[in-house]
Amino acid sequence: MAKAKEFRVTVADKPGALGACCLALAERGVNILAFQSFVEQGESLARFVVDDPESALKVLSGLRENFEQDDVAVVLLEHRPGELGRAALRLGEHRININYSYCGLQPGSTRPLVVFGVDQVTKAAAVLDEIATKP
């Protein structure tokens with residue numbers, strides 16, 4: 001799983017707005033695997049990776065939320081000191097710039113699922129695949 005679809009959703013910066021969006025996804029059986037949210041200029045921006053992008057697209061379209069989709073590079077890392085640093089360093093060695101990152105979990109796993117928004121997604125996916133197969 002070295003590439004995934006990321007949703008960037010803009011919701012109102014008011015109590016319950018983000019919760020309503022997330023619950024609408026859950027009601028359609030969409031599981032959020034990784035998530036990041038922050039407020040900027042009076043709006044809440046949420047980034048997330050889900051287990052069912054097609055259903056998420058339908059839900060978000062139905063809610064009339066302002067959103068975009070993009071490809072991101074993802075990797076399941078071992079949960080031990082240095083793994084995130086090693087992954088980020090390997091991307092840098094391949095001249096891949098990390099614009100942002102966040103993490104989550106896949107169902108049934110205790111390994112962090114790390115999401116990288118990068119300038120070269122396909123190349124980053126190949127590098128991260130290599131990292132994931134090495135102990």
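The number of residues in region 13-25 being surrounded by 14 or more Cβ atoms within 10 Å (Cβ to Cβ) and over 20 Å from Pro53 (Cβ atoms) comes to 2. Assess whether Arg8 counts as being basic (Lys, Arg) and surrounded by fewer than 15 Cβ atoms within 10 Å (Cβ to Cβ). No. Does region 121-132 contain any residue that is surrounded by 13 or more Cβ atoms within 10 Å (Cβ to Cβ), basic (Lys, Arg) and in a strand (DSSP E or B)? There is no residue in region 121-132 that is surrounded by 13 or more Cβ atoms within 10 Å (Cβ to Cβ), basic (Lys, Arg) and in a strand (DSSP E or B).
Residue-wise test of (1) in contact with a Cys (Cβ under 7 Å, 6 or more places away or on another chain); (2) surrounded by 11 or more Cβ atoms within 10 Å (Cβ to Cβ); (3) assigned to a strand (DSSP E or B).
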| residue | (1), (2), (3) |
| --- | --- |
| Leu84 | no, yes, no |
| Ala88 | no, yes, no |
| Ser101 | no, yes, yes |
| Thr110 | no, no, no |
| Val115 | yes, yes, yes |
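On the basis of being touching a residue at least 40 places away in the same chain (Cβ under 8 Å) and either among the β-branched types (Val, Ile, Thr) or assigned by TED's automatic domain parsing to the domain that holds Asp129 (or both), does Val50 make the cut? Yes, satisfied. Checked against (1) without any contact (Cβ under 8 Å) to a residue 24 or more places away in the chain; (2) of a type outside the set (Val, Ile, Thr); (3) exposed (fewer than 14 other Cβ atoms within 10 Å of the Cβ), Arg28 passes all but a single condition, namely (1). Among the residues making up region 58-74, those that are surrounded by 15 or more Cβ atoms within 10 Å (Cβ to Cβ) and at pLDDT below 90 are Leu63, Glu65.
In summary, Leu77 fulfils each of the numbered conditions (1) surrounded by 13 or more Cβ atoms within 10 Å (Cβ to Cβ); (2) farther than 25 Å from Val127 by Cβ with the single exception of condition (2).
Just name the residue that is nearest to Val11 (Cα to Cα) out of those in region 53-110 that are among the polar types (S, T, N, Q) and in contact (Cβ under 8 Å) with a residue 40 or more places away in the chain. Steps first, answer last, please.
First, the residues of region 53-110 that are among the polar types (S, T, N, Q): 55, 61, 66, 69, 97, 99, 101, 106, 109-110.
Subsequent filtering for residues that are in contact (Cβ under 8 Å) with a residue 40 or more places away in the chain retains 66, 69, 106.
Values: Asn66: 7, Gln69: 15, Gln106: 25 Å.
So, considering only residues that are among the polar types (S, T, N, Q) and in contact (Cβ under 8 Å) with a residue 40 or more places away in the chain, the one nearest to Val11 (Cα to Cα) is Asn66.
Residue under question is Asn97, and the condition is that it be out of contact with any helix residue (DSSP H, G or I) (no Cβ under 7 Å at 6 or more places or on another chain), under 26 Å from Arg111 (Cα atoms) and either assigned by TED's automatic domain parsing to the domain that holds Thr122 or not acidic (Asp, Glu) (or both); does it hold? Taking the combined requirement at face value, the residue satisfies it.
Among the residues of region 10-34, those identified as in a strand (DSSP E or B) and at pLDDT 95 or above are Ile32, Leu33, Ala34.
The values are calculated or read from the model by the stated rules, or taken from the named source; none is laboratory data. No experiment lies behind these values; they were computed from the predicted model shown. Don't worry about glycine lacking a Cβ; one is built from the backbone with ideal geometry, like all the others, and counts go over all protein chains shown.
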